[in-house]
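Heads up: the structure comes next, in structure tokens.
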Amino acid sequence: MSIKSVKTAVFPVGGQGTRFLPATKAMPKEMLPVVDKPLLQYAVDEALAAGIERLVFVTARGKGALEDYFDVARELVDSLKAKGKTAELAVLEATQIEPGRMVFVRQQEPAGLGHAVWCARHVVGREAFAVLLPDELLWNPANPALKEMHEAYLQLGGNIISVLEVPDEHTHRYGIVSPGAVDGLITEVKGLVEKPQQGTAPSRLAAIGRYILQPEVIDVLAAGKRGAGNEIQLTDAMAEMIGQQPFHALTFTGTRFDCGDKAGHVTANIALALERDDVGPAVREWLRSQKF
Ligand code: G1P
């Protein structure tokens, strides 16, 4: 039986963003810009580039701006049209998603990433689905991360997560892979552990926020088992599937920015600005003028 394309992506966007206070006091952290695009737009663009048709946002109270962002800003469109501002209109158009392709589901308690994914269960149904954590900006315009994972998925089936080697002293921040056979960029996943205590990680291969999963993971999540930080962890649910279904990690080959971290977010802004023709030269000139 041939493996079917993945059509649904889940974006857990219910987090409070306390690391970015006070900016996040009145706006979702996913709306923080990297140059001029909200963080969430990068993840949505990545999903669309992978052929995703249905986008499921697991939001929470106070996150209404996300819904408005993807809606048509009618008054703005009309006034830009009246002024003949075609470039700005094109920018807006690129943020617009066809009606019916976006679904917003509320996560009513901050019970963890696994809980957020479980909240999307009725929209996901019984097909393989993707999960993208927008905090993780995986930058590889020539070969976007989820697209590359999807291609691997169509060959391998089962479950695929994106990984990257992190320094030993950072393994306690991530879901870490216990690796099996390695074939180029593909590593067999023998086990997974969420935020292992320092010095106990089975490897330095960390999950970096992109997943293609089989729907059975939702059945595991339904049991509501609590893990690290007393939260329902996606990593723990995935770990239970290993041995029952194929499970692989694909090493990401682009540039990763952890935009859930202030330094990562600032770095992403500088790096992406430097790549741009409009703002790049001015930023480069300023950087050159500095004595570090
Ligand atoms: C989540 C996941 C973790 C993963 C990380 C990637 O952790 O639980 O397995 O490695 O994202 O950023 P969080 O950053 O939400 O604590």
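Condition first: charged (D, E, K, R) and touching a strand residue (DSSP E or B) at 6+ places or on another chain (Cβ under 7 Å). Now tell me which residues in region 44-76 satisfy that.
Applying the first criterion (charged (D, E, K, R)) to region 44-76 yields 45-46, 53-54, 61, 63, 67-68, 71, 74-75.
Hits for region 44-76 are GLU46, ARG54, GLU67.
Of these, GLY112, GLY125, which one is at positive phi and either crowded, with 23+ Cβ neighbours inside 10 Å or in contact with a helix residue (DSSP H, G or I) (Cβ under 8 Å, 6 or more places away or on another chain) (or both)?
Just one listed residue meets the conditions, GLY112.
Tell me, which helices (runs of 4 or more DSSP H) lie completely within region 13-82 with 3 or more residues that are of a type outside the set (S, T, N, Q), modelled with pLDDT of 95 or more and crowded, with 19+ Cβ neighbours inside 10 Å? Spell out the reasoning first.
Details: elements: 39-49, 64-70, 74-82.
Hits in region 13-82: 39-49.
Mind checking whether some residue in region 261-283 is in contact with a strand residue (DSSP E or B) (Cβ under 6 Å, 6 or more places away or on another chain), within 16 Å of the ligand (Cβ to nearest atom), modelled with pLDDT under 95 and not polar (S, T, N, Q)?
Taking every residue of region 261-283 in turn, none turns out to be in contact with a strand residue (DSSP E or B) (Cβ under 6 Å, 6 or more places away or on another chain), within 16 Å of the ligand (Cβ to nearest atom), modelled with pLDDT under 95 and not polar (S, T, N, Q).
All but one of (1) closer than 17 Å to SER5 by Cα; (2) part of a helix (DSSP H, G or I); (3) within 16 Å of the ligand (Cβ to nearest atom) hold for ALA130; which doesn't?
For ALA130, the failing item is (2).
Any residue at all in region 98-105 that's free of Cβ contacts under 8 Å to residues at least 60 places away in the same chain, assigned to a helix (DSSP H, G or I) and exposed (fewer than 13 other Cβ atoms within 10 Å of the Cβ)? Before you say what the answer is, go through the steps one by one.
The first filter runs over region 98-105 and keeps only residues free of Cβ contacts under 8 Å to residues at least 60 places away in the same chain, leaving 98-105.
When the remaining residues are screened for being assigned to a helix (DSSP H, G or I), the result is none.
Checking region 98-105: not a single residue is free of Cβ contacts under 8 Å to residues at least 60 places away in the same chain, assigned to a helix (DSSP H, G or I) and exposed (fewer than 13 other Cβ atoms within 10 Å of the Cβ).
The values are calculated or read from the model by the stated rules, or taken from the named source; none is laboratory data. All figures in this text were calculated on a predicted structure; none of them were measured in a lab. For neighbour counting, all protein chains shown are included, and Cβ atoms are generated from backbone atoms with ideal geometry for every residue, glycine included.
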